[in-house]
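Readers should treat all values here as calculations from the given coordinates under stated rules, not as data from a laboratory. Owing to the predicted nature of the structure, the values given are computational and were not obtained by experimental measurement. Methodologically, a virtual Cβ is constructed for each residue, glycine included, from the backbone with ideal geometry; neighbour enumeration extends over all protein chains shown.
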Amino acid sequence: MTDIVAFKDVVKRYPGGKMALEQVSLRLARGEMAFLTGHSGAGKSTLMKLIGLIERPTRGQVIINGTNLATVKRRHIPRYRQRLGLIFQDYNLLYDRTVFDNVALPLVIRGLGHADIARRVRAALDTVGLLTHERKFPVTLSGGEQQRVGIARAVINRPYLLLADEPTGNLDPALSTDIMRLFTRLNETGTSVLIATHAIDLVERMGHRRIALDHGQLRAGAA
Amino acid sequence: MTASGNASRKRSRPGLTSPALQRAQKTLAAPAQGWAGSHARCLIESLGRMHRRWLASLLTALVIGIALALPTGLYVLVKNLETLSHSWQTSVQASLYLADGTTEGAGKALAHRVAERDNVESTRFISAAEGLREFRESSGFGAALDALSGNPLPAVIVVSPRADMPRAGVTDLLDTLGKQSGVARAELDQAWLERLYAIVSLIERAAWVIGLLLAMAVVFIVGNTIRLDIENRREEIEVMKLLGASDAFIRRPFLYSGFWYGFAGALLALCLLGVCFLALAEPLATLTRSYDGALDIAGLGWRGAFGLLATGIALGWAGCALTVNRRLAAIEPR
């Protein structure tokens, strides 16, 4: 089948001339899990932003799930993002809402009915092991638990691609391993996963493909 | 209704099991229910959010309320002045000064003929001698009048037009009567009424101008409040956009906030006007008594109250709509 992610000679230059990505070509197969590594400023976040349509490439093509992102108009970006599962370093939870409401948000955005939402939120919370916490507020949870809320929110729309930007950046090693294991489990159910991280030792232990970026250039693991 | 009707009809057919139908119905109904549900949820949610910052919200609503109450109060005043001046107009009388040398008999006959007209309530003939006597009694110029050789006053017919006649009709009547033979001059003693009309129309115009200015103020107040609200929730909006929320979805709760601000403002305006009426009740009662209760003071009325609520909601919504698109477009996830 087609690749879930394909970058073809992608160049990203920010206004002001900073070169973030230079001629990057890479592929991620459907159902694959890979790590995107590199020092800070190597272009990991830029690559993630291009996939999430937060930024547009200066040159080259980004093709996600068979769709060339250059053809996605601004008003269609919300619909496109609904099929991605985005996970962030600082969790990006809404702190005035309960765990349940946070996880439900993508479904509320899609306009699903009440019963449907409740059923799927509980299933997602069960997956990340937080079923008993649904009435709590995020601030009462530990960092690892908050990130698992973020992951539950990302998987609730059954995305074809999970995109995590430094998901363990704020967590200690034990919790980081837990989170990575959770990603592996989600990957085993068929979801493609791309994780940007600079926790090299953790990556090596996990044993998935490693895509290495250095100063905006691809060093290893293009395909 | 139609969907369930179809379902019951289809249920009897073989091959279509009822669980399958239920599923189909659910998928058909889900988006619509979700859409309406989403609006209902936004309506309640935005109210809840205002409730959490109730003091700030109350102050904003109060400012809107004052801005709405002022022109509305003026409107009520103008409406009452209009009815008042109309009722005063009925006490207007026209004076027909008869030509010199008209005999008392001819004058009386003319008064009788004029009284026959459709639009005339009654007439009263005052002969020159009667007029002189009345004037002597009321003016105190008796000695001066004695010095005159003859009677300088003409005979007069006092005409009371019908009470329900419009203002233009009275003027027309006066013109017609002035052309009658034997009538030297017809006069309507209504200069003070003309002035009252001018003042009323001035107040009415002022109410419109003030109303327009304050409507703009309400739009800007709501717009600014929503702008601050959006600024405070920038992070939340960014997260929503990252999760694939459309602009319409993000805009909705803010638009409903605008709705609530307008509604609450209008409601407070009604309360303020009610308090004003209570404060004016006693002097108004005195005034009414002095007119033997014939004075009919009207409040805003149900239609006026609903109009005020609708105006408040429309202005709140407009103020929000003018701000929200521009502000939300400026917020993009980084």
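For this structure, a couple of remarks:
- The range B:249-306: chymotrypsin sites (Phe, Trp or Tyr not before Pro) falling in loop per DSSP and having at most 14 other Cβ within 10 Å: B:Tyr291
- A cut-off of 5 Å between modelled amide H atoms, ignoring neighbours fewer than 5 places along the same chain, links A:Val5 with A:Leu28, A:Asn65.
- The protein assembly as shown: C-alpha gyration tensor shape, a/c 1.5 cut-off, then a/b vs b/c: prolate
- The HN-Hα couplings worked out from phi for the range B:198-206 by the Karplus form 6.51 cos²θ - 1.76 cosθ + 1.60 (θ = phi - 60°) are 4, 5, 4, 5, 5, 5, 4, 4, 4 Hz, whole numbers, x standing for Gly and Pro.
- The trypsin sites (Lys or Arg not before Pro) found in the range B:167-238 that occupy coil by DSSP, while having at most 15 further C-beta atoms within 10 Å, are B:Lys179.
- Placing R0 at 56 angstrom, the Cβ-Cβ distance between A:Arg79 and B:Ala310 gives a FRET efficiency of 0.95 after rounding to 0.05.
- In chain A, excluding the sites themselves, the longest stretch lacking any of the trypsin sites (Lys or Arg not before Pro) that are in a DSSP loop with at most 13 other Cβ atoms within 10 Å is A:136-223.
- Over the residues of chain B, the helix contribution to mean residue ellipticity at 222 nm works out to -26000 deg cm²/dmol, using -39500 (n - 2.57) for each DSSP H run of at least 4.
- Per-residue ³J(HN,Hα) for the range B:243-257, Karplus 6.51 cos²θ - 1.76 cosθ + 1.60, θ = phi - 60°, Hz, x for Gly and Pro: 7, x, 7, 6, 4, 4, 5, 6, 5, 3, x, 5, 4, 5, 4
- The overall shape of the range A:1-99, judged from the alpha-carbon gyration tensor, is rounded, with an a/c ratio under 1.5.
- Per DSSP, loop chymotrypsin sites (Phe, Trp or Tyr not before Pro) in the range B:112-170 with at most 15 further Cβ within 10 Å: B:Phe141
- Sequence-separation-based contact order of the range B:252-334, relative, with Cα cut under 8 Å and 6+ spacing, percent: 60 percent
- For the range B:172-202 and the range A:91-123, distance of Cα centres in Å: 76 Å
- Look at the Cα gyration tensor of chain A: its axes a ≥ b ≥ c give a/c of at least 1.5 with a/b over b/c, and that counts as prolate.
- Based on Cα contacts under 8 Å between residues 6+ apart, chain B shows a relative contact order of 28 percent.
- Mean partner shielding of peptide B:73-84, defined as the number of other chain Cβ atoms within 10 Å of each residue Cβ, is 0.
- Computed from backbone phi, the HN-Hα couplings of the range B:268-283 come to 5, 4, 4, 4, 4, 5, x, 4, 4, 4, 4, 5, 8, 4, 5, x Hz, rounded to whole numbers (Karplus: 6.51 cos²θ - 1.76 cosθ + 1.60, θ = phi - 60°; Gly and Pro given as x).
- Our summary gives the range B:93-189 a relative contact order of 49 percent, counting only alpha carbon pairs under 8 angstrom and 6 or more residues apart.
- Remark: B:Val222, A:Val99 ranked as A:Val99, B:Val222, counting other beta-carbon atoms within 10 Å and listing the fewest first.
- Separation of alpha-carbon centers, the range A:173-223 and the range B:50-127, rounded to whole Å: 86 Å
- The range A:47-196 - share of DSSP beta bridges that are antiparallel (%, nearest 5): 20 percent
- Amide proton proximity set for A:Arg210, modelled H, under 5 Å, gap of 5+: A:Phe35
- Residues whose amide H lies under 5 Å from that of B:Ser122, counting only those 5 or more places away or on a different chain, are B:Ser160; hydrogens are built 1.01 Å from N in the peptide plane.
- Mean per-residue shielding of peptide A:110-120 is 4, counting Cβ atoms of other chains within 10 Å of each Cβ.
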